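The structure appears right after this line, and notes come after that.
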Amino acid sequence: MAAHLEKKPTEERNRKSTQNGTRTSQVQWGRAWEVDWFSLASILFLLMFAPLIVYYFIMSCDQYQCSLIDPVIDLLTGNKYLSDIWNKTPTLTYRAAGIYTLWVAFQVVLYVCIPDFCHKFLPGYVGGVQEGAVTPAGVVNKYEINGLQAWIVTHVLWFANAYYFHCFSPTIIFDNWIPLLWCANILGYAVSTFAMIKGYFFPTNAKDCKFTGNFFYDYMMGIEFNPRIGKWFDFKLFFNGRPGIVAWTLINLSYAAKQQELYGQVTNSMILVNVLQGIYVLDFFWNEAWYLKTIDICHDHFGWYLGWGDCVWLPYLYTLQGLYLVYHPVQLGTANAIGILMLGLIGYYIFRMTNHQKDLFRRTNGNCKIWGKKPEYIECSYMSVDGTKYHSKLMTSGFWGWARHFNYTGDLMGSLAYCLTCGFDHILPYFYIVYMTILLTHRCIRDEHRCFSKYGKDWKRYTSAVPYRLIPGIF
C-alpha cells in the first residue's frame, strides 16, 4: 500500500465515528479489544498443547526413529508409560545452558552494538536505519536493519571454526538438541512474561497497548504493539529475526555434519533442504527492511505467540526435514531431485516476485510498470487512533490480480518442496506443509477481516476485483 497523511482537526475526529460504512480503524486495527469464546478456547489450547507438540515431535525422533504413531501404540498397549518416555528424555545441562546463553548474547550484540555496513557495498540491499509502518497510535518507529550482516558474521565464524579453529564440533547443535529445547522454552516463557509485565507497568507507548481484561488472551497475543528497551532494542524485530532465523541455517548445517559423521556422506536430499531453506532465510534478511511492512510487525502485538513461537516453535518445527534426514537418510533419484529443486525455486520466484511487485507499487505510489504496463489499483482510505487520515492504493494487477495472497501460494510451493525431499516413509516431515497451509489460510482470513475493518466498503470493491485468495479459479 502506498499511503500519505492527512491531519484532521480534533473536533472532526471526535465527530467522525464511522468510515466507509464501518467502525474506524482506531477500534479495529491490530489484535482484538474483546475476546469471544472461540478465540479464548483456541488460546487455551495453544498454551497447553503447543509446547507438548514440539516435545512430541522431537522425542519421536530421539526415541522412535521419527515415528509419530509408535509412541501412541506403546502407551495404548501398555508397553511403556509416560514416565518411561520422560525418563529417557535428555535433561537440561550446564553445557546446553552455556551454549544457548552465549548464542543469544552474541545475537544481541550483533543486533544492538554493530551498525549495518552491508548496505554500503551491496548494490540493491537496503539496510541501516529504516522507518517502520505507522502504528495504530500514529507512531513511526525507527529500526536498525542489520540482519544480513548478523547472518554473514555468524556463518563466517561457523565455517572458520569448522575448517580452521575446531573449538567445537559442527554437530554441536544436533548433539545438544533436546537440552537446548529446554533452554529455548525458558527464554520463550521469560520474554513473554516480561513483555506482559512491561505492558502493564512501563510500556514503550501506552497508546499502542491493548487490554482485554482476559489474562490468557493478553498473555498469548500481547499487550504492547512495539515493546522496546532503549532506543534500538525492539522485541518484535529481534525475536522474529534473531536468534531463531539466523539459527535456522546453522541447525541444518549441523544436521548435515551429523549425517557426514554417521554415514560418511551428505545425501542430495539433505543438500536440497540446506539450499532451499537457505534461500528462504537469505531472502528474509536481504528484504528485512521490507519485512517491517508485514503483518508480524505492522499488526501483531508482542506476546507468547511471537515470543515463545520464535524461540521454540520456529527453530524446532521448521527444521524437521533436516532432523528426519539424520535418522533416515534419503538419496533421491536425479529426476526427483531436479523436480523438487524446480518446485522449490518456482515457489520462491512466485513468493519473491509477488512481494517485489507490491513493494515497487508501494514505493512509487503506483507510478511504475508491472508486467510492462501501468498497474491497476483501487483507492482506499482509513484513520489511525490519533485521527490522522490515510489514503492507500490496493493493487489489482500483476500477481496481485491473480489472487489476494499469491505470495502465500509461492510460500506453500516451497514448503511442499522441503517435505518432498524426505520421501514418503513417514508423515513427520510433512507436518510443515500441513502447518503452513493452516497458518497461511488463517492468516489470509485474519488479514482480510482486519482489512475490512480498516477499509470498509473500499475493501468490498477490492475483493470484487480480485475474487480469489490463494489459488486462481479455486480458492
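The values are calculated or read from the model by the stated rules, or taken from the named source; none is laboratory data. The model shown is predicted, which means the values in this text are computed figures rather than measured ones. Here Cβ is always computed from backbone atoms with ideal geometry, including for glycine, and neighbour counts include all displayed protein chains. We work out accessible area using only protein heavy atoms, side chains counted, and drop any ligands, DNA or RNA first. Shrake-Rupley method; radii C 1.70, N 1.55, O 1.52, S 1.80 Å.
Distance between the C-alpha centres of the stretch 98-139 and the stretch 256-294: 21 Å, rounded to the whole angstrom.
For the residue pairs 142/236; 393/457; 207/457; 236/293; 142/210, the C-alpha atoms sit more than 18 angstrom apart in 207/457; 142/210.
Radius of gyration over Kirkwood radius for the stretch 264-372, both on Cα atoms: the Rg/Rh ratio is 1.06. In the chain, the longest principal axis of the Cα atoms and the axis of helix 37-64 are about 20 degrees apart.
Ordering 320, 58, 189 by Cα displacement along the dipole of the chain toward the positive end leaves 189 in first place; charges were set at the Cβ atoms of Lys, Arg (+1) and Asp, Glu (-1). In this label model, residue 379 and residue 356 are separated by 3.1 nm, measuring between points 7 Å along each Cα→Cβ vector. With angles folded into 0 to 90 degrees, how steeply does helix 147-160 sit against the dominant principal axis of the chain? Use alpha carbons for both and round to 10. Tilt of helix 147-160: around 10 degrees. Its relative contact order, with pairs defined as Cα atoms under 8 Å and 6+ residues apart, puts the chain at 23 percent.
Relative contact order, whole percent, for the stretch 333-474 stands at 30, derived from Cα pairs under 8 Å and 6 or more residues apart. The angle between the Cα long axis of helix 177-201 and the longest principal axis of the Cα atoms of the chain comes to about 30 degrees, rounded to the nearest 10. Measure out, as a whole number of angstrom, how far apart the alpha-carbon centroids of the stretch 308-372 and the stretch 46-73 sit. After rounding, the separation between the Cα centres reads 26 Å. What the chain shows is 45 Å² of accessible area per residue, with the surface traced by a 1.4 Å probe over protein heavy atoms. Length gained on full extension, residue 93 to residue 197, computed as 0.36 nm times the residue gap minus the Cα-Cα distance: 34.6 nm. For the chain, the Stokes-Einstein estimate of translational diffusion at 37 °C and a viscosity of 0.692 mPa s comes to 137 µm²/s, using the Kirkwood hydrodynamic radius over alpha-carbon pairs.
I want to check the label-to-label distance for residue 162 and residue 445. Put each point 7 Å from Cα in the C-beta direction and report it in nm to one decimal. The modelled label-to-label distance comes out at 4.1 nm.
Using Cβ point charges alone (K and R +1, D and E -1), the dipole size of the chain about the Cα centre works out to roughly 1700 debye. Each 10 Å bin, from zero up to the one with the longest distance, holds this percent of the alpha carbon pairs of the stretch 333-474: 11, 33, 31, 16, 7, 1, 0. Positive end of the dipole of the stretch 333-474 (Cβ unit charges, origin at the Cα centre): among 339, 414, 353, the Cα lying farthest that way belongs to 353.
Projecting the Cα atoms of 211, 161, 302 onto the charge dipole of the chain, computed from C-beta unit charges around the Cα centre, puts 211 farthest toward the positive end. Just to verify a number: FRET efficiency for residue 40 and residue 334, C-beta to C-beta distance, R0 = 45 Å, to 0.05? With R0 = 45 Å, the Cβ-Cβ based efficiency is 0.30. Spin-label model, residue 464 to residue 346: label points 7 Å out along the Cα-to-beta-carbon direction sit 3.5 nm apart. What's the carbon and sulfur percent of the chain's accessible surface, probe 1.4 angstrom, rounded to a whole number? Answer for the chain: carbon and sulfur cover 65 percent of the accessible area. The calculated FRET efficiency for the pair residue 121 and residue 233, based on their C-beta separation and a Förster distance of 25 Å, comes to about 0.45.
Once the Cβ-Cβ distance of residue 79 and residue 52 is raised to the sixth power relative to R0 = 22 Å, the FRET efficiency obtained is 0.60.
For the peptides 249-259, 231-241, 200-210, the ranking by packing is 249-259, 231-241, 200-210, with the highest mean count of neighbouring Cβ atoms within 10 Å listed first. Summary of the geometry: the stretch 407-421 and the stretch 442-474, compared by the centres of their Cα atoms, lie 23 Å apart. Helical runs assigned H by DSSP (4 residues or longer) give the chain a calculated mean residue ellipticity at 222 nm of -18000 deg cm²/dmol, each run adding -39500 (n - 2.57) before division by the residue total.
Shape descriptor for the stretch 85-331: Rg over Rh equals 0.99 (Cα atoms; Rh from the Kirkwood inverse mean 1/r).
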